[in-house]
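The values are calculated or read from the model by the stated rules, or taken from the named source; none is laboratory data. Treat the numbers as computed from the prediction; the structure is a model and nothing was measured. Glycine gets a Cβ as well: all are built from the backbone with ideal geometry, and neighbour counts include every protein chain shown.
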Amino acid sequence: MAINFMGLDRLDTREIELVKDLSGKSFSKISRSFPNAILTMKIEQFNKGGKKSRFDINLKLNDVSLPSGFLSVNHSGQDTWDLTVSIRKAFGNLQNELEHKIKPQNKEKKKIFK
């Protein structure tokens, strides 16, 4: 299980702990189906001059078992100003993309992630 983080230098210590905790829990589900996967997580924080910030999260999953070798998912947090919600939506989008890219062997529709 390998996660590479980019953009943590702009976050405070509480946000860094939150990012590492949530991404570790979410990536553990993905690593069950893709044990050799490497995840690159890029976090950008945009300040609007107020107290809250908007977060842009980019996830890129590298694995040789994927059809193109990698899968890139972008979640722009324009509608969410909460870091927790942005991370969960980004990993949800990644899981949905993986389910669409990887077709099950039999014709029944099975979920890869439970």
> If you check K42 against the conditions, is it modelled with pLDDT under 90, within 18 Å of E97 (Cβ to Cβ) and under 11 Å from the mean Cα position of the chain (by Cα)?
Replying inline: no
> Which of the residues spanning the range 36-69 are of a type in the set (S, T, Y) and over 17 Å from L18 (Cβ atoms)?
Replying inline: T40, S65, S68
> Is it the case that some residue within the range 35-58 is surrounded by fewer than 16 Cβ atoms within 10 Å (Cβ to Cβ), outside any helix (DSSP H, G or I) and of a type in the set (D, E)?
Replying inline: yes
